[in-house]
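Structure first, commentary second.
The values are calculated or read from the model by the stated rules, or taken from the named source; none is laboratory data. Computed from a prediction, not measured in an experiment: that's the story for all the values here. Here the Cβ is made from the backbone with ideal geometry for all residues, glycine too, and neighbour counts use every protein chain on show. For the accessible areas, the whole protein counts, side chains as well, though only heavy atoms, and no ligand, DNA or RNA atoms are used. Shrake-Rupley method; radii C 1.70, N 1.55, O 1.52, S 1.80 Å.
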Amino acid sequence: MVVSEEANPPVEGEAPSKKAAKKAAKAAEKQQKKAEHKGANPAQNETSEPDISQGLYGVYKLINSDGDHRDRVYVDVKDLSEKVVGQTVWVRARLQTTRAKGKQCFAVLRQNSSTVQLLISVSDENSVSKQMVKFTGNITKESIVDIQATVVKTGAAVESCTVQRLELSGRQVWVVSPARAQLPLQIEDAARPEISDDPEALKIRVNQDTRLDNRVLDLRTPANQAIFRIEAGVCRLFRDILTQRGFVEIHTPKIISAASEGGANVFTVSYFKSSAYLAQSPQLYKQMAIAADFDKVFTVGAVFRAEDSNTHRHLTEFVGLDLEMSFKQHYHEVLDTIGQTFTDMFRGLQEQFASEIATVGQQYKVEPFRFLDPPLRLEFPQAVQMLKEAGVTLGDEDDLSTPDEKLLGRLVKAKYDTDFYILDKYPLAVRPFYTMPDPNNPKASNSYDMFMRGEEILSGAQRIHDPEFLTARAKHHGIDIDKIAAYIESFRLGCPPHAGGGIGLERVVMLYLGLDNIRKTSMFPRDPKRVTP
C-alpha cells in the first residue's frame, strides 16, 4: 500500500525533506487542477443541491455548421440601449473579466471596443443555480461565450464599461471557444494609458516586443481596435475621394525584373531559373498607365524597401497609397489635387471616426491634428530661411535632415497653426534623375514633399516625359542607360506631362493620431529584425 505524505507528516519542529516538499507541492497543484476541472465541467460537480440550471450553461460542442441554433438572433453590445430594456437577448462576446462572490458573479463582456457588465445571480425564479454562478466564475479570461440575458437598467453608472447605464442579467451561459488559462499578456495591462494623471494608477506596462510577439491578443485592446478601423477609413477615403475626381484604380505588379527606383535597397527573389525583385514603388507602372491614356490613376498595395533602418518610422514592407495624374500646363494642377485630397481625408476622419479617435486618445495622449483648407504651401527657400532664423546652418541646395524636418514642423505649427503643409521647389541636386527641372531656376526642380507633424509622408514631382531629355538627365546622374532602357522606351510613343507621388499608409495614420512608432499602425509589422508573426 502507498502511504501519502499527509499520513506521515514531519515531526513538529523538523523541516520536511526536499523530496517531501516537492511531493506536497505536486499534490497541491493536482488538487487545484482538479478543482478547476470541476468548475469547467458542472455535470461532474459533487453537490448535495439539485442543479436548477442544468441544460442552461456549459461548453458548446464544436460549431461545425451542422445547423443548430441558426434561427437565433444576436444583439451587438454597441446596440444595447434603453429601447431593449426588459427584453431577453442573445449576445456573443469575449469574457474580459469575472469576479465571483457568494451567490453572484460579475463579468465584463467585450465585443470589439464595446463592453457591458454581466451579472449572474442565484435565483429560483430565473433558474440560476449556485453551480451556474461557480461555472461562470471559472471561465478563463478572453474565452468567447454566448449569453442569454435580460437587459436591465443599473442604479449607478458602470464606469468600467462603454455601456454604462445598462447591464445584462444572465439566464444562460455557454462557452463557445475557451482561451487557455495562462495568457502571455493581460488585456487590461496592454490597454493602460501610457501617461496617466492618476498617481494611484498601476505602473504595469506591456513592452513593444511582447505586444508584437502576441499580436493577436494585443490587437484586442480598444485603442488597437480603433487604430485599424481608422486605417481602413484612410484607405476608403483615399479611394472614394480620388474616384469622385475621375481617377481610375489600377493594380501593379510586385514582382519586377529590375529595381524600380535603382540602388541596392531592393529584395531579390528566386524566379524560376533567374532572379527578380520586389517592387520598391509602382511609379513606372503608374507612368505607363498615364502614357496609355488613363489620365488619372491611383493604386493601393504593398511596397518593399530593403533598408536596414531600425527607426520609429521605417518598415521593410508597408502599404503604399500612390497616385499619378496628367496635367495640361502646370504641375501645380496635380499638387493642388493631392493637397486637397489630404484635406478632404483629414476632414472625413474627423467627421466619421470621432469616437475611434477619442478611444485612441484614452490610451495615447496627443493633441488633435490641425490642418488648413486650402493647405499651407511653402517654397523650399522659405523653409531654409525659417530654419536659419532658428539657428540652423543650411546651404541653399542642401536637403533637409530628419532633425531639420522636425524643427521645421514645430516652426510651421507655431507660425501657421497647422500640422500639415506642402514644401515645393526642392533643389534639383537632391532629387532623382527623372525629376523635371524648374524652368525659371536651374538649381530648383518641379518637386515637392508633404509633411504631417514635421515628418515626411509624401514625396513627388513632375516627371520628365520626353525620352531624349530623360536620357540626358540619367547620363548626368551617371546611371547606366541600358538598365533603364525599358523605362525610357515607355515614353517614345507619346506621353502627356504628368506628376504624382507616393504615400505611406501606416505613416499617415501614425502621424495623424500622434503616435510614436509606426509599428503601432502596422497590423503585423515587418522591419529588419521582425518577420513574424
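Brief remarks follow.
- Where the Cα pairs of segment 359-465 fall when distances are cut into 10 Å bins, in %: 14, 43, 30, 10, 3, 0
- Cα centroid separation, segment 435-456 to segment 326-353: 17 Å.
- Probing with 1.4 Å while keeping every protein chain in the model, the per residue accessible area of the chain equals 53 Å².
- Scalar couplings 3J(HN,Hα) for segment 142-158, obtained by applying the Karplus form with A = 6.51, B = -1.76, C = 1.60 to θ = phi - 60°, are 6, 5, 8, 10, 9, 10, 9, 8, 9, 7, 10, 6, 9, x, 10, 5, 8 Hz; x denotes Gly and Pro.
- Net charge of neighbours whose Cβ lies under 10 Å from the Cβ of residue 495, counting Lys and Arg as +1 and Asp and Glu as -1: 0
- As a rough guide to protection, the peptides 215-225, 480-490, 369-379 ranked by mean Cβ packing within 10 Å, highest first, stand as 215-225, 369-379, 480-490.
- Area of residue 74 that stays accessible when all protein chains are in place (1.4 Å probe, Å², to 10): 90
- Relative packing of peptides 496-506, 176-186 - highest average C-beta neighbours within 10 Å first: 496-506, 176-186
- Note on the chain: percent of Cα-Cα distances in each 20 Å bin, starting at 0 and stopping at the bin with the largest distance, equals 17, 40, 26, 14, 3, 0.
- For the chain, relative contact order (Cα pairs under 8 Å, six or more residues apart, normalised by length) works out to 11 percent.
- Sites residue 372 and residue 330 - FRET efficiency at Förster radius 30 Å, r taken between beta-carbons, to 0.05: 0.90
- Karplus-based coupling profile of segment 101-108, in residue order and whole Hz: 8, x, 9, 10, 9, 9, 9, 10, with θ = phi - 60° in 6.51 cos²θ - 1.76 cosθ + 1.60 and x standing for Gly or Pro.
- Derived scalar couplings ³J(HN,Hα) [segment 482-493; Karplus, 6.51 cos²θ - 1.76 cosθ + 1.60; whole Hz; x for Gly, Pro]: 4, 6, 10, 4, 5, 5, 5, 4, 5, 9, 7, 9
- Helical runs (DSSP H, four residues minimum) scored at -39500 (n - 2.57) apiece and divided by the length of the chain put the mean residue ellipticity at 222 nm at -9000 deg cm²/dmol.
- Per residue, the convex hull spanned by the Cα atoms of segment 294-428 amounts to 176 cubic angstrom.
- Taking every protein chain into account, the 1.4 Å probe leaves residue 477 with about 80 Å² of accessible area, to the nearest ten.
- Backbone amide hydrogens, once placed in the peptide plane, bring residue 96 within less than 5 Å of 108, 109, 110, 142, excluding anything fewer than 5 places away on its chain.
- Solvent-accessible area, 1.4 Å probe, carbon plus sulfur percent, for the chain: 51
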